[in-house]
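Report on the structure given below.
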Amino acid sequence: MEVTKEVKEVLLYFAKNKKIYLEGNILKVLKANGDTEFQKYLDTCKEKDTTSRKKRLEVTKQVQKQNKQLVTQQKEKDSLMEELQTALEEARDAEWESQKLREEAEKSKDKALEDLELMQKKTQFELIGRIVKVALWVILGVGLITTLLFAYTLVSGEENPILESTWSNLFGILLTNSFSIIGTIMGVKYASKNEN
């Protein structure tokens, strides 16, 4: 395809002054028809077009390579996010299990403390019962011995003022202590009933 002289001049003007050259498929159809200056222009345009195409191809390849890397990185990121989500869910489950075990341990501890307290109370009641029995035997023994001695002095006719006052004081003390022991036992039983 031939171009007019005016078009050639315009194209050459832009090439020399503005450094603007034709590009693309139009260069395949343009002919210089013996004009050496225009032929040089067309050759320069073809070289620049080839160089430009190579640069664009390299940029395209580089962009495609970067896109592949980005896709790969996105897949890795998604995989890591899934693993993180799974780990978080497992951590939540483990925390829930741990809380459940702590609650069960707390209940077991409370039950053990209740059992221990019950055993201590039972032991205390048994000990109090033994103390009361021993105290009653001692009271009965002392009272019986003193009464027998006092009865002996009455039967024998001998007067013993020490034994008489001892017998009287002893029974007063035994009576007072008996009521004190009974009151203590009743207080302990009453207090333990209120706690339950």
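The values are calculated or read from the model by the stated rules, or taken from the named source; none is laboratory data. Predicted model only: the values in this text are computed from it and were never measured. Heads up, the Cβs are rebuilt from the backbone with ideal geometry, glycines too, and the neighbour counts pull from every protein chain shown.
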(message) Looking at GLU104, GLU95, GLU126, GLU76 in this structure, which one is assigned by TED's automatic domain parsing to the domain that holds GLY183 and either farther than 30 Å from GLY24 by Cα or at pLDDT 90 or above (or both)?
(response) GLU126
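Any residue in region 57-77 that is under 29 Å from the mean Cα position of the chain (by Cα) and outside any loop (DSSP other than H, G, I, E, B)?
The answer is yes; a qualifying residue exists.
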(request) Answer with yes or no whether LYS121 is in contact (Cβ under 8 Å) with a residue 24 or more places away in the chain and within 43 Å of the chain's Cα centre (by Cα). (result) yes
(message) closer than 23 Å to SER178 by Cα and either surrounded by 10 or more Cβ atoms within 10 Å (Cβ to Cβ) or among the aliphatic types (A, V, I, L, M) (or both): is that true of THR86 in this structure?
(response) no
(request) Filter region 124-171 down to residues that are over 60 Å from the mean Cα position of the chain (by Cα) and closer than 23 Å to ILE181 by Cα, then give me how many there are. (result) 18
(request) Return yes or no: is LYS133 in the same structural domain as GLY172 (by TED's automatic domain parsing) and charged (D, E, K, R)? (result) yes
(message) Filter region 19-40 down to the residues that are touching a helix residue (DSSP H, G or I) at 6+ places or on another chain (Cβ under 6 Å) and of a type in the set (Ser, Thr, Tyr) and list them by number.
(response) TYR21
(request) Would you be able to say whether some residue in region 3-10 is outside any helix (DSSP H, G or I), over 60 Å from the mean Cα position of the chain (by Cα) and not charged (D, E, K, R)? (result) yes
(request) Could you grab me the full set of residues in region 151-165 that are closer than 22 Å to VAL138 by Cβ, surrounded by 12 or more Cβ atoms within 10 Å (Cβ to Cβ) and at pLDDT 75 or above? (result) TYR152
